[in-house]
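A.B. asks: Take this structure first; my questions come after.
Only the coordinates and a few stated rules stand behind these numbers; no lab work does. From a predicted model like this one, the values you see are computed outputs, not experimental measurements. Because the Cβ atoms are built from the backbone with ideal geometry, glycine has one as well, and the counts that use them run over all protein chains shown.
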Amino acid sequence: MTTAARASRLAGRAVAGTIIARTTGKIVKRYPIVAVVLFVARWWRRRNARLARHNRAVVKLRDGATITVTDKRA
């Protein structure tokens, strides 16, 4: 990616972020329940992502070895 393309992309993201922040701010000021819902939704997404990271495991197998993993509960 060229320097100009990168700068253009970053500028576009900054403008979009500013517009989103201003719009969200106006909506949240008028409807405080929206702020609560957005806060909880963000917290829930981060919580799920954090839990998903902790449930990962690395298993090294010998050549030709196989393993089966299911999510069925016993």
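A.B. asks: At 0.36 nm per residue, and after removing the present C-alpha to C-alpha distance, how many nm does the segment from residue 45 to residue 60 gain when stretched out fully? Don't skip to the end; give the middle numbers.
C.D. replies: Details: separation 15, 0.36 × 15 = 5.40 nm, distance 3.01 nm.
Using 0.36 nm per residue and subtracting the Cα-Cα distance, I get 2.4 nm.
A.B. asks: For the chain, state the average projected area of the convex hull of the C-alpha atoms over all orientations, rounded to one decimal in nm².
C.D. replies: On the way: hull surface 42.5 nm².
Across all orientations, the chain yields a mean hull projection of 10.6 nm².
A.B. asks: At a 10 Å Cβ-Cβ cut-off, how would you order 19, 27, fewest neighbours first? Mind showing how you got there, number by number?
C.D. replies: Working: 19 10, 27 13.
Neighbour counts put them in this order, fewest first: 19, 27.
A.B. asks: Taking Cα atoms, how many degrees apart are the long axis of helix 32-54 and the longest axis of the chain, rounded to 10 and kept between 0 and 90?
C.D. replies: 20 degrees
A.B. asks: Cβ under 12 Å from residue 15's Cβ, residue 15 left aside: what net charge do those residues give with Lys, Arg +1 and Asp, Glu -1?
C.D. replies: Numbers: positive: 9, 13, 22; negative: none.
Every neighbour counted, the sum reads +3.
A.B. asks: A further question on this structure: What spacing in nm lies between the two simple spin-label points modelled at residue 53 and residue 20, each 7 Å away from Cα in the Cβ direction?
C.D. replies: It works out to 2.0 nm between the two label points.
A.B. asks: Measure nothing fancy, just the Cα-based angle from helix 3-30's long axis to the longest principal axis of the chain, in degrees from 0 to 90, nearest 10.
C.D. replies: So the inclination is approximately 70 degrees.
A.B. asks: To continue, here is another question. Pick out which of 61, 38, 51 has the largest mean-square fluctuation in a Gaussian network model of the chain, springs linking Cα atoms closer than 10 Å.
C.D. replies: Evaluated over the chain, the most mobile residue of the options is 61.
A.B. asks: If I model a spin label as a point 7 Å beyond the Cα along the Cα-Cβ vector, how far apart are those points for residue 73 and residue 35 in nm?
C.D. replies: Result: 3.8 nm between the two label points.
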